[in-house]
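What follows is one structure encoded as structure tokens, with my remarks underneath.
The values are calculated or read from the model by the stated rules, or taken from the named source; none is laboratory data. Computed from a predicted model, the values in this text were never measured in an experiment. Cβ sites come from the backbone with ideal geometry, for glycine too, and all protein chains shown count toward neighbours. To get the accessible areas, we keep the full protein, side chains included, count just its heavy atoms, and leave off ligands, DNA and RNA. Shrake-Rupley method; radii C 1.70, N 1.55, O 1.52, S 1.80 Å.
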Amino acid sequence: MNEHRYTIVVGVDGSPASKVALRWAVWHAGLVDGRITALMAWDAPLIYNWEVPGLEDFAATTAKILSGVVKEVAGDSEVEISKEVSQGHPARALLEAAEEANADLLVVGNRGHGGFAEALLGSVSQHCVHHACCPVVVVRGRS
């Protein structure tokens, strides 16, 4: 029998708010004997359908940053944390990861590295709240 284990997907982008979200997710997973998938997404601009050189570098750099954040935030935790790097828009990547993992919870920070793009496209947290297949916790970063 395949027993489901409580699963949390958490969005990480290296921002202070995402670190607070990951810290909260680790705390919560510890309470419920859950596991975490920490996801960081990257995207490269399209240039008239050209192959952008160095895409492997984007993925490798993203994976290195993600590993550093997980180590910084949860280095001494005994919670099982898998790291996932995804190419594409962060909200879409988080929603897909939550669905694929049959996640019980999706955790995001309230502010990431958004700036102008976030204002133009809408926030990742807002998109996740409206479209996720599971409950979403939006963790407020320190003001």
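Looking at (1) surrounded by 16 or more Cβ atoms within 10 Å (Cβ to Cβ); (2) modelled with pLDDT of 90 or more, which one does N110 not meet, given that it meets all the others?
Among (1) surrounded by 16 or more Cβ atoms within 10 Å (Cβ to Cβ); (2) modelled with pLDDT of 90 or more, the lone unmet condition for N110 is (2).
Taking into account only those residues within the stretch 29-43 that are open to solvent by 20 Å² or more (accessible area, probe 1.4 Å) and among the aliphatic types (A, V, I, L, M), which is modelled with the lowest pLDDT?
A41
Are there any pairs with C-beta distances below 7 angstrom linking a residue in the stretch 1-22 that is more than 16 Å from L66 (Cβ to Cβ) to a residue that is open to solvent by 10 Å² or more (accessible area, probe 1.4 Å) and part of a helix (DSSP H, G or I), with the two at least 6 apart or on different chains, and if so which?
Y6/V32
Quickly run through the stretch 56-82 and pick out the residues that are closer than 17 Å to S15 by Cβ and not β-branched (V, I, T).
Of everything in the stretch 56-82, those that are closer than 17 Å to S15 by Cβ and not β-branched (V, I, T) turn out to be K64, L66, S67, G68, K71, E72, A74.
Tell me which residues, restricted to the stretch 59-97, are part of a loop (DSSP other than H, G, I, E, B), in contact (Cβ under 8 Å) with a residue 12 or more places away in the chain and within 23 Å of R5 (Cα to Cα).
S77, E78, V79
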